Amino acid sequence: MTRSRRLAKVALSGAVALTCALPITPAQAADPPLGTVRLSSEKRIEITYLWAGTSGFQYRPTVGGSTTWVEYPDVVPPAHAGPDDLATGTDVVTTRSGSTVTQKHRPTGATATVTIPSGRTYRAALGWSVLTQDTGGALHVLRAAADGTTTDVPVIGLPTGAQITAFATGGSVRRLAVVHTLDGTTSVGLVDLVDLADGAFRTYVTGLRADSDVVFNDRWLVADWKAIRVDAESGTQPTAVTGLPGRLEAVVGDQVLAGNPDFLPAGTQPALNARSLVTGAASTVLTPSFGGIGPTPDGGALATAGPSSLDWNVHRITPTQDGGATTDKAARIQASATGVDGLALAGGELFLYGRTTGGGYPRFNSFQLDATGRPTGQQTPAVRH
């Protein structure tokens, strides 16, 4: 096979299709391409999670792009599903239309409907629970009952006169955080959703900044870099968490995770770091890691990480029995295609010339070709100009 024929058989998907005018008779059919290559942007894609549960998650690029569902192939969710079993709420997808909240357990398809009473305002939903607020400011937990009605559990313990400023979900379907101010002081507490007879509220951390990060699971609450056990006795003071760059992102097991720092020293890669809330030991969970980091309702977290746009993945972070955290790749995020301005072929490599950073400097990127002209391997940066 001549070099010109090899060049003619490489098709470029997404941007350019390369063909050459070769002398063939009308009776001859053009051979199919030997392979395809795609010049990909070097910019790693940031994503937003639309839903996450025990069985998988849903995401889409923060800018443009379509929605993607990811299923965990090695996970068997709890078989039972229903509002009387809060643990199965980790796989509930919630939709709302007016005063009707529909809850669907993804693995089994079981559904439940919660009706918000007149005069109530929808505030949040997690698992099988729906948090609402009445005209007097009181909070109520609603859940579907077996007979088709809606059970209403008042939240007890919110300080009189407290003004609620935010609600936050975290690594739990049994608890929901409420940020509130009282007499000029900002505090955070948890609504305990342990069972249908509960709904108790307890304040854990006071004296917060208005923009404080709040993360929690069924073991720990961390707010404004102050940590406290969820089961600590009333009156217990939180302890400071120090030495982690970035923002509070999640609590997994006994590890508080921090990432997405606003500033980094020159030559430093962004990372997802952790500190044990038991021993104080610090560790690096993923690097380079930035963008899509957040808790999942089953007590884990999701985070994007990878060395380049060609190896950029969503990692699933789960707690270990000893309170640590472990990571596994859950999904590959495909780099976006970019335009090709020029082509070259030499030394068994196909070179594509283009601006792969979306407005940055133009450069060559190459693909190795085998003896038949088929592209092998991933895109590799070659020569800068």
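The values are calculated or read from the model by the stated rules, or taken from the named source; none is laboratory data. Computed from a prediction, not measured in an experiment: that's the story for all the values here. All Cβ positions, even for glycine, are placed from backbone atoms using ideal geometry, and neighbour counts span all protein chains on display. Ligands, DNA and RNA are excluded from the accessible area calculation, which covers all protein heavy atoms including side chains. Shrake-Rupley method; radii C 1.70, N 1.55, O 1.52, S 1.80 Å.
At a glance:
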item: Odd one out for S366, checked against (1) touching a Leu at 6+ places or on another chain (Cβ under 9 Å); (2) without any contact (Cβ under 8 Å) to a residue 40 or more places away in the chain; (3) of a type in the set (S, T, N, Q); (4) under 30 Å from V70 (Cα atoms); result: (4)
item: Filter result for V256 (buried (at least 20 other Cβ atoms within 10 Å of the Cβ) and closer than 28 Å to T149 by Cα); result: no
item: Residue match in the stretch 290-311 (condition: in contact (Cβ under 8 Å) with a residue 24 or more places away in the chain, open to solvent by 50 Å² or more (accessible area, probe 1.4 Å) and closer than 15 Å to V251 by Cβ); result: yes
item: Count of residues meeting criterion [under 30 Å from G373 (Cα atoms) and either open to solvent by 30 Å² or more (accessible area, probe 1.4 Å) or basic (K, R) (or both)] in the stretch 36-48; result: 5
item: Hits in the stretch 330-372 (condition: farther than 30 Å from A52 by Cα, open to solvent by less than 30 Å² (accessible area, probe 1.4 Å), out of contact with any Gly (no Cβ under 7 Å at 6 or more places or on another chain) and not in a strand (DSSP E or B)); result: G348, T356, G360
item: Count - residues of the stretch 142-156 that are open to solvent by less than 50 Å² (accessible area, probe 1.4 Å) and within 15 Å of R202 (Cα to Cα); result: 1
item: Every residue from the stretch 49-64 that is in contact (Cβ under 8 Å) with a residue 40 or more places away in the chain and either of a type in the set (D, E) or open to solvent by 60 Å² or more (accessible area, probe 1.4 Å) (or both); result: T62
item: Criterion: in contact (Cβ under 8 Å) with a residue 40 or more places away in the chain, part of a strand (DSSP E or B), farther than 15 Å from A112 by Cβ and out of contact with any Cys (no Cβ under 6 Å at 6 or more places or on another chain) - qualifying residue of V188, V178, V153; result: V153
item: Of residues in the stretch 311-329 being assigned to a strand (DSSP E or B) and of a type in the set (A, V, I, L, M, F, W, C), the one nearest to A301 (Cα to Cα); result: I317
item: Residue list for the stretch 204-223, filter: in a loop (DSSP other than H, G, I, E, B) and either under 21 Å from P319 (Cα atoms) or touching a residue at least 24 places away in the same chain (Cβ under 8 Å) (or both); result: L208, A210, S212, D213, D218, R219
item: Count - residues of the stretch 261-289 that are of a type outside the set (A, V, I, L, M, F, W, C), open to solvent by 40 Å² or more (accessible area, probe 1.4 Å) and modelled with pLDDT of 95 or more; result: 5
item: From the options D198, D254, D218, residue that is out of contact with any Asp or Glu (no Cβ under 6 Å at 6 or more places or on another chain) and under 21 Å from G89 (Cβ atoms); result: D218
item: Residue in the stretch 163-172 that is out of contact with any helix residue (DSSP H, G or I) (no Cβ under 9 Å at 6 or more places or on another chain), surrounded by 18 or more Cβ atoms within 10 Å (Cβ to Cβ) and among the aliphatic types (A, V, I, L, M) present; result: no
item: Some residue of the stretch 205-215 being in contact with an Asp or Glu (Cβ under 7 Å, 6 or more places away or on another chain) and open to solvent by 40 Å² or more (accessible area, probe 1.4 Å); result: yes
item: Identity of the residue in the stretch 65-104, under 30 Å from A337 (Cβ atoms) and not charged (D, E, K, R), that ends up surrounded by the fewest Cβ atoms within 10 Å (Cβ to Cβ); result: S66
item: Exclusive hit being under 22 Å from the mean Cα position of the chain (by Cα) and more than 18 Å from S289 (Cβ to Cβ), set D231, D213, D262, D218; result: D218
